[in-house]
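Notes for the one structure printed next.
The values are calculated or read from the model by the stated rules, or taken from the named source; none is laboratory data. As the structure is a prediction and not an experimental result, all values here were calculated from the model. When we count neighbours, we look across all protein chains shown, and the Cβ atoms used for this are built from the backbone with ideal geometry, even at glycine.
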């Protein structure tokens, strides 16, 4: 009878995958900081130093700068999708909508310079937004608030990203007060609204 050779069990890959995820997150966080200062002129080795990893690690996760920018956009919209799902889990539709707008505006403000980088790549932004279905999620949040009679019926999901860009632009002014202008925006969106909105082209 032939002797059976016992094979050693394969090494678990979970720790490696977890370590890779941590490194990827570190690279994205560092890229946000560096690109906030330097925009698209930021170099991969600068990002590696800021992340505390070797430049090879950066290239392993993001072989080109374009892919890194796509990763940043996907990360941004992933965070927005999480906020949207949290809003959908809340009981009061109008409060949920207001909290979502405030949280989204905060993300836009924190990554203000990065927002400008991403705005220069509209196709990248659109791809990332579509990847998480952010407009559909925003539409659900708004639909609940419209059904409760709190949100004006002529407001549309496409209005929200435009308002976020406007708030981010206003916040660059030293005379700006973020919460004040968010309040004005929310008041303008509250039902019934002072005047009919023009149709989107």
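Condition first: under 16 Å from the mean Cα position of the chain (by Cα) and either outside the structural domain of residue 73 (by TED's automatic domain parsing) or at negative phi (or both). Now tell me which residues in segment 132-147 satisfy that.
Selection gives 132, 134, 135, 136, 137, 138.
May I ask you to list pairs of residues, at least six apart or on different chains, whose Cβ atoms are under 7 Å apart, with the first in segment 25-39 being surrounded by fewer than 20 Cβ atoms within 10 Å (Cβ to Cβ) and the second being modelled with pLDDT of 90 or more and not in a helix (DSSP H, G or I)?
26/52; 26/53
Could you count how many residues in segment 38-48 are in a helix (DSSP H, G or I) and either at pLDDT 95 or above or touching a helix residue (DSSP H, G or I) at 6+ places or on another chain (Cβ under 7 Å) (or both)?
Qualifying residue count, segment 38-48: 7.
Does residue 103 satisfy the condition of being free of Cβ contacts under 8 Å to residues at least 24 places away in the same chain, over 12 Å from the mean Cα position of the chain (by Cα) and not assigned by TED's automatic domain parsing to the domain that holds residue 44?
In short, no.
Just checking, how many residues over segment 50-77 are more than 29 Å from residue 161 (Cβ to Cβ), part of a helix (DSSP H, G or I) and free of Cβ contacts under 8 Å to residues at least 12 places away in the same chain?
Qualifying residue count, segment 50-77: 3.
Please go through (1) in contact with a helix residue (DSSP H, G or I) (Cβ under 7 Å, 6 or more places away or on another chain); (2) free of Cβ contacts under 8 Å to residues at least 40 places away in the same chain; (3) assigned to a helix (DSSP H, G or I) for residue 82 and return the number of the only condition it doesn't satisfy.
(1)
Which of the residues belonging to segment 108-162 are closer than 22 Å to residue 94 by Cβ, part of a helix (DSSP H, G or I) and in contact (Cβ under 8 Å) with a residue 40 or more places away in the chain?
Matches in segment 108-162: 108, 134, 137, 138, 140, 141, 142, 144, 145, 146, 147, 160.
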